[in-house]
Ligand SMILES: [Zn+2]
């Protein structure tokens, strides 16, 4: 009888693991509301617990980064309004990369706000086909979404400017072909901070890093991405998912008069180093298996 318990618990873990991977696209944290808040200066958090969205406010209207799932659009709107801003003042819409969890709501947001949609060149075919042009998930109906027209095609290093705010689009490819890491400067309390919003450094389950006919240069692109991330000066560490930078752990420490928990240059360096190691381990594994 005592032996039965470990067997049963192992079985339960297996069942739970299978269930969670089958429904990975519906991670409950993705649609769980999160309190909107000022990160620093004119940069605000308006995403859910699991899907990060950012609002950059300016006297000439606002910039929104990440439209998230279609189901998240009302959440983002409510967060923006709770902060005292108008959803309709969203002039520019940007994304971290062309995956449904960051861009499925773009068509809806364009329709509701009239925002100009600006996307990195290599992700444009994916967003304009509603995910069908994606190298990995294009034939998976559960990952497709309403197509949205891109108003401005961005290239590596391009600046997006509005009302004095300047965001720089860094091509950090691999996770998607046009995966974008956004940087900007914010000023608070007389200090200027370098902000980095990481696009995604993850090698998803099922990604082929060797002999990938739909994305032959994928491994070189991942390495290029890590080289770019390592070169960026970072004070305020953010990303496309709250989990990248410890949103849930840092948020309770955000208090007037205390050090801003999102200022975390060491956390950024550690995250990038860990993700690069994960990539290299997976690449070595796949290279060996392909021999
Ligand atoms: Zn993704």
Checklist entry - What percent does the relative contact order of the chain come to when contacts are Cα pairs within less than 8 Å and at least six residues apart? => result 13 percent
Item to check | Scaled radius of gyration (Cα, divided by 2.2 N^0.38 Å) that the stretch 28-145 gives | outcome: 1.02
Checklist outcome for this item: Put in order of increasing Cβ neighbours within 10 Å, starting from the fewest, 100, 182 give 100, 182
Item to check | Two-decimal Rg to Rh for the stretch 153-235 - Kirkwood Rh, Cα set | outcome: 1.07
Checklist entry - In whole angstrom, how long is each semi-axis of the equivalent ellipsoid of the stretch 105-182, when you take the square root of 5 times every eigenvalue of its Cα gyration tensor and sort them from largest down? => result 22, 17, 8
Checklist entry - Going by how many other beta carbons lie within 10 Å of each one, how would you line up 53, 116, 48, fewest first? => result 116, 48, 53
Checklist entry - Which of 221, 103, 151 comes first, and how do the rest follow, when ranked by fewest Cβ neighbours within 10 Å? => result 151, 221, 103
Checklist entry - How long are the three semi-axes of the equivalent ellipsoid of the stretch 97-231, in whole Å, if each is the root of 5 times an eigenvalue of the C-alpha gyration tensor, listed from largest down? => result 26, 21, 11
Checklist outcome for this item: To the nearest 10 degrees, the tilt of helix 218-231 (Cα long axis) against the first principal axis of the alpha carbons of the chain is 50 degrees
Checklist outcome for this item: Connecting every pair of Cα atoms under 10 Å apart in the chain and solving the GNM, the largest mean-square fluctuation among 131, 189, 50 falls on 189
Checklist entry - Tell me, how many Å apart are the Cα centres for the stretch 88-143 and for the stretch 239-282? => result 25 Å
Item to check | Pairwise centroid distance, computed over Cα atoms, of the stretch 191-207 with the stretch 47-72, Å | outcome: 16 Å
Next on the checklist: Suppose a student asked you for the relative contact order of the stretch 36-166, using Cα pairs under 8 Å spaced at least 6 residues apart; what percent would you report?
Outcome noted: 21 percent
Item to check | Kirkwood-type radius of the stretch 99-138, with distances r between different C-alpha atoms, in Å | outcome: 10.6 Å
Next on the checklist: Could you give me D for the stretch 165-291, from Stokes-Einstein at 25 °C and 0.890 mPa s, where the hydrodynamic radius is the Kirkwood radius over C-alpha pairs? Units µm² s⁻¹, please.
Outcome noted: 156 µm²/s
Item to check | Two-decimal Rg/Rh across the chain, once Rg and the Kirkwood Rh are taken from alpha-carbon atoms | outcome: 0.98
Next on the checklist: Could you tell me the relative contact order of the stretch 136-272? Use alpha-carbon pairs under 8 Å, at least six residues apart, and round to a whole percent.
Outcome noted: 18 percent
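Rule-based calculations on the coordinates, nothing more; no lab input. It should be emphasised that the depicted structure is a prediction, and the values quoted were computed from it without experimental measurement. Cβ sites come from the backbone with ideal geometry, for glycine too, and all protein chains shown count toward neighbours.
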